Amino acid sequence: MIRAIVYGKRGRRYGKGFSGEEFKAVGLSVKEALSLKIPVDIRRKTRHDENIETLRRHLNLASENLKA
């Protein structure tokens, strides 16, 4: 399961989903992400590099699984 990292007052934790800005950085729309079963948190506006890297890795693995 793919999970987003968020930062709050108590430090780092898992969030409810990825932000729209993180999807834009990867080249996905929110509708495409939902169709791929990737969690979306529409309240979040922040963009974290580690979440972008996680999304890229997940999309690469998904495309490799489709090819095989």
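Descriptive notes on the structure:
- Pick from segment 27-59, criterion of a type in the set (Val, Ile, Thr) and touching a residue at least 40 places away in the same chain (Cβ under 8 Å), ranking: surrounded by the most Cβ atoms within 10 Å (Cβ to Cβ): 54
- Candidates are the residues of segment 1-13 that are among the aliphatic types (A, V, I, L, M) and surrounded by 11 or more Cβ atoms within 10 Å (Cβ to Cβ); the one that is nearest to residue 60 (Cα to Cα) is 2.
- Matching entry among 24, 16 (being within 25 Å of residue 63 (Cα to Cα) and without any contact (Cβ under 8 Å) to a residue 12 or more places away in the chain): 24
- Taking segment 27-50 as the range and being of a type in the set (D, E, K, R), more than 12 Å from the chain's Cα centre (by Cα) and within 20 Å of residue 62 (Cβ to Cβ) as the test, only 31 passes.
- When residues of segment 39-68 are limited to those that are assigned to a helix (DSSP H, G or I) and among the hydroxyl-bearing types (Ser, Thr, Tyr), the one modelled with the lowest pLDDT: 63
The values are calculated or read from the model by the stated rules, or taken from the named source; none is laboratory data. Keep in mind it's a predicted model, so treat the numbers as computed, not measured. For neighbour counting, all protein chains shown are included, and Cβ atoms are generated from backbone atoms with ideal geometry for every residue, glycine included.
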